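The values are calculated or read from the model by the stated rules, or taken from the named source; none is laboratory data. These figures come from a predicted structure and were not determined experimentally. Here the Cβ is made from the backbone with ideal geometry for all residues, glycine too, and neighbour counts use every protein chain on show. The accessibility values were calculated without ligands, DNA or RNA, using every heavy atom of the protein model including side chains. Shrake-Rupley method; radii C 1.70, N 1.55, O 1.52, S 1.80 Å.
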Amino acid sequence: MSGSDGIRQVRLVAHFPGVNNTTVWSDPRSRSQIDFSSFEELARTAERGRFDYFFLAEGLRLREHQGRIHDLDVVGRPDTLTVLAALSAVTANLGLAGTLSTTYNEPYELSRQLATLDHLSGGRAAWNAVTSSDAFTGENFRRGGYLDHTDRYERAASFVRAVRAFWDAAGTGRAAVHRDRFFDIEAVPTLPRSPQGRPVVIQAGDSPQGRDFAAAGADVVFSRHGGFEAGRAFYDDVHRRLAAHGRGDDELLILPGVTYVLGDTPAEAEERARAIRYQQVSGATAIRFVEQVWGRDLSEYDPEGPLPDVEPDLERVLTQGTAAARSTDRAALVERWRARAASEKLGIRDLVVEESARQTFVGTPEAVAGEIVRHVAERASDGFVLVPHLTPGGLDDFVDRVVPLLQERGALRADYTPGATLRENLGLAPRP
Amino acid sequence: MAHPLDRPLTLGVALDGAGGGFTAADHVRAVRLAEDAGLDFAALGDSLTGVSRPDALLTLAAVAPHTRRIGLVPTVTVTHTEPFHVSKAVASLDFASRGRAGWWVEVSRTGSDARAVGRRPTAPGEELWAEATAVADVVSRLWDSWEDGAEIRDTATGRFVDRDRLHYVDFEGPGWSVRGPSITPRPPQGRPPVVVRAEDDHALATAAVAADVVVVTSGTLGAVRERCLRVREEVAAAGRDRDGVFVLAEVRAHLARGGPGPDRAGAGLVHTGSPGALAEALLEWGRVVDGFVVGFGSTDEDLPLFTERTVPLLRESGVLREGDGPRTLRDRLGLARPDSRYGAG
């Protein structure tokens with residue numbers, strides 16, 4: 001986990017821009033979210049920056065707002081595994097990670113697909129195992145419908161165990177058998193053992209069950225706690241759970257998702273950050289945000305004007321297909337927003353810009369590199385998943401300006417180890 | 001129905017995937033041989049269990065950036081795989097290959113596949129192919145569920161897509177349904193060409209309504225001629241243009257060494273002999289079909305002989321397509337790019 005001079009190594013992940021308003025499509029530099037050239041360009045940039053892996057998220061149903069397809073953000077994604085397989089042909093060292101649902105896939109089939117990707121890429125495959133419980137997404141699948149929330153993680157854990165059983169049986173000629181209350185399956189895996197044996201497993205849940213699920217068996221946690229104090233608390237909590245599962249500190253990496261904005265001076269970086277936030281929140285987007293919270297059609301309101309004086313309809317959920325739509329305490333949010341808008345004299349769009357700000361690191365390249373090294377050195381994280389706001393050039397300035405500083409400090413590899421697998425690059429303890 | 005070779009022969013190779021290796025380089029080598037010879041497509045077989053071979057669609061996705069002209073046609077079975085995943089996977093292969101994807105539809109018949117997935121027991125061929133027809137239908141609808149031009153990026157109104165040009169498919173299959181729309185925009189070809197191997201009448205029923213390319217597996221020239229007529233009758237009975245589909249004969253070529261043992265004979269026309277003799281045979285057989293899918297006794301040994309010695313003889317005879325710059329598989333086959341069925345026009 002450390003360089004030869006004792007500096008903790010920073011793990012870096014390039015997140016392909018997603019389908020929420022973090023991704024700015026109105027900028028003239030924004031290019032296709034679906035042409036293969038965009039995936040290829042971002043992956044090549046990440047490899048030039050000696051990142052550990054490329055990450056592609058997944059959505060299995062288009063988001064909806066007021067019963068219609070949400071049309072203000074980027075829409076349209078590829079099949080995760082297909083893009084990762086194609087990227088294996090245009091990269092040599094970069095890990096290839098993707099989100100794949102345990103709810104809408106089958107363990108044997110997914111184990112075989114990930115083993116195929118691991119063979120094709122020479123040991124660079126990784127899988128972000130997510131669970132889905134909403135019937136909304138299930139309408140696109142045979143195995144549709146709702147899973148009880150407490151069953152979600154048990155079933156997901158069973159799914160991951162089954163996948164690993166098939167991986168472990170590869171090359172032995174014997175059948176892996178997996179029987180419990182969720183699955184009754186058996187097969188003789190037909191692929192030889194893949195270079196990593198077990199491709200890297202990533203987990204992103206944040207609830208207590210989600211954290212335990214990660215501590216029990218994941219290799220990487222994709223966390224949402226990018227801030228220093230929140231990051232420290234999360235890191236400590238998950239490591240306590242890790243120990244309780246009898247696993248060592250070097251068996252799990254914690255990588256929060258973060259954004260960054262660079263400038264030649266701190267003031268210039270702040271100014272750019274603010275301009276990006278206004279690109280991310282158009283007037284129409286601001287109204288949609290407030291509609292989600294209010295549960296009402298507010299299309300008649302002026303985004304530059306004050307918050308609606310009508311009371312929210314807390315029974316109505318206008319948005320489907322996003323995590324936020326299911327989990328937020330909206331009454332408390334309305335109260336807090338009203339207080340903030342009043343005290344800071346903010347209009348609707350200004351308020352949403354402030355409230356939805358996700359920028360973690362804003363500053364000069366030196367300052368951002370320093371913060372990244374500090375977070376890792378003091379165990380607020382093991383590195384970061386960088387989420388750019390532009391497709392596909394959104395990491396260019398990071399790779400050009402921050403990566404050399406990380407390398408000078410000895411916190412990031414100057415080059416890859418030839419032929420190393422992703423598991424080896426991440427410094428994870430070898431799997432049995 | 002004798003075909004006077006008034007259109008070029010369509011020529012693809014079938015790489016069955018077994019024994020083809022597992023690294024990308026293994027497969028790139030084979031597909032490039034076919035591409036350099038100017039062939040129309042390379043098909044790669046697949047099965048969940050039984051035979052040791054990699055996932056065909058992912059393997060051809062890794063081949064796509066290393067090739068520029070040849071069609072890439074993976075087998076994707078539909079019995080256990082979610083139709084929604086099939087649709088976006090083939091669409092994504094079409095994006096990765098810049099319009100060169102096809103889809104070879106197969107069903108899964110074995111108990112070992114059923115036990116590996118654990119969702120359903122095996123079923124009779126009639127039921128499997130009836131479901132395959134439904135899957136091919138919904139996959140095609142999902143490809144159409146984004147009209148061309150649905151992505152508008154209209155900064156004036158803040159709208160990225162015109163949602164009036166995105167469509168729910170609301171498809172009811174046998175025991176399942178799919179709401180839609182696809183998460184993946186319409187692929188470059190609109191609808192990547194669909195291949196069905198009409199090995200029996202149940203598969204033929206699927207081919208008649210869903211296939212752009214039908215592969216017939218009869219073992220003699222006379223039987224191929226009859227089967228070809230039958231395919232066109234069924235296509236016409238399904239309300240489609242009887243000459244709008246390509247009917248290709250399956251051929252198994254043993255060029256490097258002697259003929260097949262009785263266990264390897266398989267289906268289709270079998271050629272055992274020299275590469276030159278195969279060229280002569282294909283020229284003769286080509287009078288009754290639109291082309292061939294050629295598989296090999298040994299891909300390692302026979303494919304190079306086929307591409308280096310058989311194909312140049314066919315090319316000298318003027319029966320193959322010329323001019324092989326980058327273009328889509330549909331363009332190569334002369335299939336027009338269809339408009340979305342959901343479009344207002």
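Of all the residues in the range B:115-135, those that are open to solvent by 10 Å² or more (accessible area, probe 1.4 Å) and of a type outside the set (D, E, K, R) number 9. For B:Leu283, the stated conditions hold: it is surrounded by fewer than 20 Cβ atoms within 10 Å (Cβ to Cβ), modelled with pLDDT of 95 or more and either within 18 Å of B:Ala14 (Cβ to Cβ) or not assigned by TED's automatic domain parsing to the domain that holds B:His167 (or both). Looking only at the range B:50-58, decide whether some residue is open to solvent by 10 Å² or more (accessible area, probe 1.4 Å), more than 7 Å from chain A (Cβ to nearest Cβ) and in a helix (DSSP H, G or I). Scanning the range B:50-58 turns up no residue that is open to solvent by 10 Å² or more (accessible area, probe 1.4 Å), more than 7 Å from chain A (Cβ to nearest Cβ) and in a helix (DSSP H, G or I). With respect to B:Ala130, determine if the residue is in contact (Cβ under 8 Å) with a residue 24 or more places away in the chain and more than 10 Å from chain A (Cβ to nearest Cβ). Yes. Return a yes/no flag: does the range B:139-148 have any residue that is surrounded by fewer than 24 Cβ atoms within 10 Å (Cβ to Cβ) and within 7 Å of chain A (Cβ to nearest Cβ). No, the conditions are met nowhere in the range B:139-148. Any chance the range A:19-28 includes a residue that's facing chain B (nearest Cβ under 8 Å), out of contact with any Gly (no Cβ under 7 Å at 6 or more places or on another chain), closer than 30 Å to A:Ala284 by Cβ and among the small types (Gly, Ala, Ser)? The answer is yes; a qualifying residue exists. In the range A:170-198, of all residues being within 16 Å of A:Glu106 (Cβ to Cβ) and among the small types (Gly, Ala, Ser), the one that is surrounded by the fewest Cβ atoms within 10 Å (Cβ to Cβ) corresponds to A:Ala176.
Go through the residues of the range A:35-52 one by one and say whether even a single one is in contact (Cβ under 8 Å) with a residue 60 or more places away in the chain, assigned to a loop (DSSP other than H, G, I, E, B), open to solvent by 20 Å² or more (accessible area, probe 1.4 Å) and in contact with a His (Cβ under 6 Å, 6 or more places away or on another chain). No - not one qualifying residue is present in the range A:35-52. Among the numbered conditions (1) buried (at least 21 other Cβ atoms within 10 Å of the Cβ); (2) free of Cβ contacts under 8 Å to residues at least 40 places away in the same chain, the only one that A:His15 does not meet is (2).
Could you check, for the range A:207-221, whether at least one of its residues is assigned to a strand (DSSP E or B) and assigned by TED's automatic domain parsing to the domain that holds A:Glu154? Yes, there is a match, as at least one residue in the range A:207-221 is assigned to a strand (DSSP E or B) and assigned by TED's automatic domain parsing to the domain that holds A:Glu154. The number of residues in the range A:379-418 being open to solvent by 30 Å² or more (accessible area, probe 1.4 Å), outside any loop (DSSP other than H, G, I, E, B) and either without any contact (Cβ under 8 Å) to a residue 24 or more places away in the chain or hydrophobic (A, V, I, L, M, F, W, C) (or both) comes to 4. Among the candidates B:Thr49, B:Thr77, the residue that is under 30 Å from A:Arg181 (Cβ atoms), among the hydroxyl-bearing types (Ser, Thr, Tyr) and under 19 Å from the mean Cα position of the chain (by Cα) is uniquely B:Thr77. The strands (runs of 3 or more DSSP E) located wholly in the range B:150-264 that include 2 or more residues which are within 21 Å of the chain's Cα centre (by Cα) and in contact (Cβ under 8 Å) with a residue 24 or more places away in the chain occupy B:194-197, B:213-216, B:246-254. The residue list B:Pro74, B:Pro8, B:Pro83, B:Pro65 contains one member that is open to solvent by 10 Å² or more (accessible area, probe 1.4 Å) and either touching a residue at least 60 places away in the same chain (Cβ under 8 Å) or more than 9 Å from every other protein chain (Cβ to nearest Cβ) (or both), which is B:Pro8. Inspect all residues belonging to the range A:100-108 and state whether any of them is touching a Pro at 6+ places or on another chain (Cβ under 9 Å) and within 25 Å of B:Ala62 (Cα to Cα). So far as the range A:100-108 goes, yes, one or more of its residues are touching a Pro at 6+ places or on another chain (Cβ under 9 Å) and within 25 Å of B:Ala62 (Cα to Cα).
Checking each residue in the range B:122-151 for being touching a Lys or Arg at 6+ places or on another chain (Cβ under 6 Å) and over 12 Å from B:Arg191 (Cα atoms) picks out only B:Ala150. When the range A:223-249 is filtered for residues that are touching a residue at least 12 places away in the same chain (Cβ under 8 Å), closer than 17 Å to A:Ala157 by Cβ and open to solvent by 10 Å² or more (accessible area, probe 1.4 Å), the ones remaining, listed by number, are A:Arg241, A:Ala244, A:His245, A:Arg247. Applying the criterion of being among the polar types (S, T, N, Q) and within 20 Å of the chain's Cα centre (by Cα) to the residues of the range A:18-31, the residue that is surrounded by the fewest Cβ atoms within 10 Å (Cβ to Cβ) is A:Asn20.
Restricted to the range A:268-366, the set of helices (runs of 4 or more DSSP H) holding at least 3 residues that are over 25 Å from the mean Cα position of the chain (by Cα) comprises A:283-294, A:330-344, A:348-355. Note on the range A:101-127: residues that are surrounded by 24 or more Cβ atoms within 10 Å (Cβ to Cβ) and not in a loop (DSSP other than H, G, I, E, B) total 15. Scanning the range B:63-96 for residues that are charged (D, E, K, R) and more than 22 Å from A:Gly76 (Cα to Cα) gives B:Arg68, B:Arg69. Whether any residue in the range A:397-411 is touching a helix residue (DSSP H, G or I) at 6+ places or on another chain (Cβ under 8 Å) and of a type in the set (S, T, N, Q) is what I want to check. Within the range A:397-411, not a single residue is touching a helix residue (DSSP H, G or I) at 6+ places or on another chain (Cβ under 8 Å) and of a type in the set (S, T, N, Q).
Taken together, the residues in the range A:62-85 that are within 7 Å of another protein chain (Cβ to nearest Cβ) and either within 19 Å of the chain's Cα centre (by Cα) or closer than 30 Å to A:Gly122 by Cβ (or both) amount to 12. Among the candidates A:Thr319, A:Thr421, the residue that is of a type outside the set (Phe, Trp, Tyr), more than 26 Å from A:Val201 (Cα to Cα) and either in contact with a strand residue (DSSP E or B) (Cβ under 7 Å, 6 or more places away or on another chain) or open to solvent by less than 50 Å² (accessible area, probe 1.4 Å) (or both) is uniquely A:Thr319. Put simply, of B:Val231, B:Val224, B:Val215, B:Val209 the only residue that is more than 30 Å from B:Phe306 (Cα to Cα) and either in contact with a helix residue (DSSP H, G or I) (Cβ under 7 Å, 6 or more places away or on another chain) or modelled with pLDDT of 95 or more (or both) is B:Val209.
No other residue among A:Arg112, A:Arg31, A:Arg124, A:Arg77 is basic (Lys, Arg), within 16 Å of B:Lys88 (Cβ to Cβ) and at pLDDT 95 or above apart from A:Arg77. Go through the range A:92-135 and give me each residue that's among the polar types (S, T, N, Q) and over 24 Å from B:Val76 (Cα atoms). Across the range A:92-135, the qualifying residues are A:Asn93, A:Thr131, A:Ser132, A:Ser133.
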